[in-house]
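Peer 1: Provided herewith is a single structure, encoded as structure tokens, for subsequent inquiry.
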Amino acid sequence: MRKLLPTFVIAVLAAVLAVPAPARAAVKVIDDGPDPSLPAQMDILRVKIDNRTDRVVLRLTFRDLTETRRGQTKVFIGTDPATEAGFIAYTSHRPGAAPLTQLWEPTDQEFGGTPVECSGIRAKWRFNVDRVRIVVPQACLASSAPRYRFKAVAGFYTMKGDWTAFRGVRRG
């Protein structure tokens, strides 16, 4: 009996350790804080980045989103840590129209880009909580990098806008 107990304990421990841990997303936040010199609908306060294995979920909180005013935001998703390669998740709101949401390939340092095909990218503008939610499928990003870099911008029509610092976030 004494010889069976250690064997049993080892077998149970091996079984427990062999069970894979559930996949967990890497979540990071960029706190940008208010800037009273900016128009409220362009003032990014916070960006929550949820870099999951199957998709990237971005939640941008603004000082005061207003449904009657147009707005736009872009988030750079750097998918290759060794280079500046990546994509831009873009969404815009115009009063009385559905939001336009696209994935862009960057064309310059000023967050310009050209749309690329991405089935499943979507955004929701929630004016009651001053938040924009953007979801980008990982399949559209076509990267195996374990870590991405993120930076958000807003505004930039004929006025100045807001931008955040870069933030690295591992993939979940």
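The values are calculated or read from the model by the stated rules, or taken from the named source; none is laboratory data. Keep in mind it's a predicted model, so treat the numbers as computed, not measured. Neighbour counts are summed over all protein chains in view; Cβ atoms, including those assigned to glycine, are modelled from backbone coordinates with ideal geometry. Accessible surface areas use protein heavy atoms only, side chains included; no ligands, DNA or RNA. Shrake-Rupley method; radii C 1.70, N 1.55, O 1.52, S 1.80 Å.
Peer 1: Suppose we filter the range 78-118 for residues that are among the polar types (S, T, N, Q), within 25 Å of R147 (Cβ to Cβ) and not in a loop (DSSP other than H, G, I, E, B); how many remain?
Peer 2: Selection size over the range 78-118: 3.
Peer 1: Tell me whether the range 48-64 contains one or more residues that are part of a loop (DSSP other than H, G, I, E, B) and in contact with a Lys or Arg (Cβ under 6 Å, 6 or more places away or on another chain).
Peer 2: No, the range 48-64 has no match at all.
Peer 1: Shifting gears a bit: Considering only residues that are outside any strand (DSSP E or B) and among the hydrophobic types (A, V, I, L, M, F, W, C), which ones fall in the range 124-143?
Peer 2: Selection gives F127, V129, A139, C140, L141, A142.
Peer 1: Looking only at residues in the range 126-151 that are open to solvent by 30 Å² or more (accessible area, probe 1.4 Å) and hydrophobic (A, V, I, L, M, F, W, C), which one is nearest to V47 (Cα to Cα)?
Peer 2: It comes out as V129.
Peer 1: Of a type in the set (A, V, I, L, M) and surrounded by fewer than 16 Cβ atoms within 10 Å (Cβ to Cβ), is that true of A154?
Peer 2: Considered against the rule, which asks whether it is of a type in the set (A, V, I, L, M) and surrounded by fewer than 16 Cβ atoms within 10 Å (Cβ to Cβ), A154 comes out as no.
Peer 1: Can you find even one residue in the range 89-101 that is open to solvent by less than 20 Å² (accessible area, probe 1.4 Å) and closer than 19 Å to G168 by Cβ?
Peer 2: yes
Peer 1: Tell me whether the range 63-73 contains one or more residues that are in contact with a helix residue (DSSP H, G or I) (Cβ under 6 Å, 6 or more places away or on another chain) and of a type in the set (V, I, T).
Peer 2: Yes.
Peer 1: Now for a different question. For the range 33-53, name all the residues that are open to solvent by 50 Å² or more (accessible area, probe 1.4 Å) and within 17 Å of F76 (Cα to Cα).
Peer 2: Answer for the range 33-53, where residues must be open to solvent by 50 Å² or more (accessible area, probe 1.4 Å) and within 17 Å of F76 (Cα to Cα): R46, K48, R52.
Peer 1: A further question follows. Testing G113 on (1) surrounded by 14 or more Cβ atoms within 10 Å (Cβ to Cβ); (2) at pLDDT 95 or above, one condition comes back false. Which one is that?
Peer 2: Tallying (1) surrounded by 14 or more Cβ atoms within 10 Å (Cβ to Cβ); (2) at pLDDT 95 or above, G113 fails exactly one: (2).
Peer 1: Among the residues of the range 54-73, write down those that are open to solvent by 20 Å² or more (accessible area, probe 1.4 Å) and at pLDDT below 95.
Peer 2: Answer for the range 54-73, where residues must be open to solvent by 20 Å² or more (accessible area, probe 1.4 Å) and at pLDDT below 95: R63, D64, T66, E67, T68, R69, R70, Q72.
Peer 1: Let me ask another. Hey, G161 hits all of (1) farther than 26 Å from A40 by Cα; (2) open to solvent by less than 30 Å² (accessible area, probe 1.4 Å); (3) at pLDDT below 95 but one; which does it fall short on?
Peer 2: Going through (1) farther than 26 Å from A40 by Cα; (2) open to solvent by less than 30 Å² (accessible area, probe 1.4 Å); (3) at pLDDT below 95 one by one, G161 breaks only (1).
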